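To keep things clear, I will list the structure first and then write my remarks on it.
Rule-based calculations on the coordinates, nothing more; no lab input. Treat the numbers as computed from the prediction; the structure is a model and nothing was measured. Ideal geometry is used to build each Cβ from the backbone, glycine not excepted, and the neighbour counts take in all protein chains shown.
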Amino acid sequence: MSRSGERPGVFQVSDACKRLGLRAGSIVFKGVGIGPSAPELKHLIDREILEIKDRFASPAALRSTPEIVRLHSLFRAVGVNPRRVQPACERLIQMALKRGRLAQINNLVDAYNLMSARSICSLGAHDLDKLAPPIQLRLLQGSEEFIPMGSHHEEACAVGEFAYVDSASRVICRLDVRQAEFSRITSESDRVLLIIGATTALSFSQLEVLFSQTTDLITKYCGGTVETVHFPREQ
């Protein structure tokens, strides 16, 4: 995938997070159209759920994968119990295993949830026009503001947790688990920052494929064009 349009100032990863073993990047889409998912996208999701059931006989089998093992170790390293605060991608796949479906939100969320389930990585989108770049994946100092999606009340974040934070010290996603209310995607969103969070459990070649497939899927079912890409190799 070509990355000639990268602007490193939009997205950054701290050295401390790199040392932990986090690999994160972003794609900025412009001119997306947010609405219901097309029947073809729903069919792709249904097919992926069947493949998930073939891959994992149980939630325990999912927890034994290198991707989840690495995520759990990272959570413990920053003082978080992964059984209490479950990684989003693990929770998503468990939903597919238990219920045989994924929640239908809109075409963008459904598309990146499909890629999250397929890759066992954390993907999340934010309205870029509501953010104050650069967005940085870093360890929290405890003074940042975080109002989780669906709430109007601030939630305390522990010092040392990793999170994505904008330049106004607002947490837009905590621990690759819970996103913020203020930057959520709506039908009015035009410029979208899609964050792809992974760990050293994925090789750079696997990440190349993930970025490419995610870009193709979103532009196909949500429209728009890619404005910038920040790939983990170049952090």
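The calculated 222 nm mean residue ellipticity attributable to helices in the chain amounts to -11000 deg cm²/dmol, summing -39500 (n - 2.57) over DSSP H runs of n ≥ 4 and dividing by all residues.
What the Cα atoms of region 11-58 give is an Rg and a Dmax of 17.4, 43 Å.
Based on alpha-carbon centroids, what's the gap between region 175-235 and region 30-54 in Å, whole number please? What the calculation gives is 16 Å, centre to centre. Going from the fewest other Cβ atoms within 10 Å to the most, the residues 46, 54, 166 appear in the order 54, 46, 166.
A Förster radius of 35 Å, combined with the Cβ-Cβ distance separating residue 99 from residue 76, puts the computed FRET efficiency at roughly 0.80.
Backbone geometry of region 98-104 corresponds, through the Karplus equation with coefficients 6.51, -1.76 and 1.60 at θ = phi - 60°, to 3J(HN,Hα) couplings of 7, 10, x, 7, 10, 4, 9 Hz, x marking Gly and Pro.
Loop exposure criterion: trypsin sites (Lys or Arg not before Pro), DSSP state outside H, G, I, E and B, at most 14 other Cβ atoms within 10 Å. Applied to the chain, the longest stretch between such sites is 102-235. Note that region 221-233 has calculated 3J(HN,Hα) couplings of 9, 10, x, x, 9, 7, 8, 9, 9, 10, 9, x, 4 Hz, one per residue in order, obtained from phi through the Karplus relation 6.51 cos²θ - 1.76 cosθ + 1.60 (θ = phi - 60°); glycine and proline are x. Using Cβ point charges alone (K and R +1, D and E -1), the dipole size of region 8-234 about the Cα centre works out to roughly 800 debye. Ordering 27, 209, 124 by Cα displacement along the dipole of the chain toward the positive end leaves 209 in first place; charges were set at the Cβ atoms of Lys, Arg (+1) and Asp, Glu (-1). Phi angles of region 10-24 translate, via the Karplus equation with coefficients 6.51, -1.76, 1.60 and θ = phi - 60°, into HN-Hα couplings of 6, 9, 9, 10, 6, 4, 4, 6, 5, 5, 5, x, 8, 10, 9 Hz per residue; Gly and Pro are given as x. Residues whose amide H comes within less than 5 Å of that of residue 37, counting only those at least five positions distant or on another chain, are 107 (H built at 1.01 Å from N in the peptide plane).
Taking 0.36 nm per residue of sequence separation and removing the Cα-Cα distance, the residue 158/residue 203 pair yields an extension gain of 13.2 nm.
Each residue, residue 149 and residue 233, gets one label point 7 Å from its Cα in the Cβ direction; the gap between the two is 3.0 nm.
Provide 75, 182, 11 in ascending order of the number of other Cβ atoms located within 10 Å of each residue's Cβ, fewest first. Ranking 75, 182, 11 by Cβ neighbours within 10 Å, fewest first, gives 182, 75, 11. Put simply, the convex hull of the Cα atoms in the chain casts, on average, a shadow of 11.6 nm². Within the straight-line cut-off of under 28 Å between alpha carbons, the lysines reachable from residue 220 are 30, 42, 53, 130, sequence neighbours fewer than 8 places apart in one chain being disregarded.
With neighbours defined as other Cβ atoms within 10 Å of a residue's Cβ, the residues 95, 115, 149 order from fewest to most as 149, 95, 115.
Is the shape of region 1-134 best called rounded, prolate or oblate, per the rule: a/c under 1.5 gives rounded, else a/b larger than b/c gives prolate, else oblate, with a ≥ b ≥ c the square roots of the Cα gyration tensor eigenvalues?
Working: a/c = 2.07, a/b = 1.09, b/c = 1.91.
Cα axes put region 1-134 in the oblate bin.
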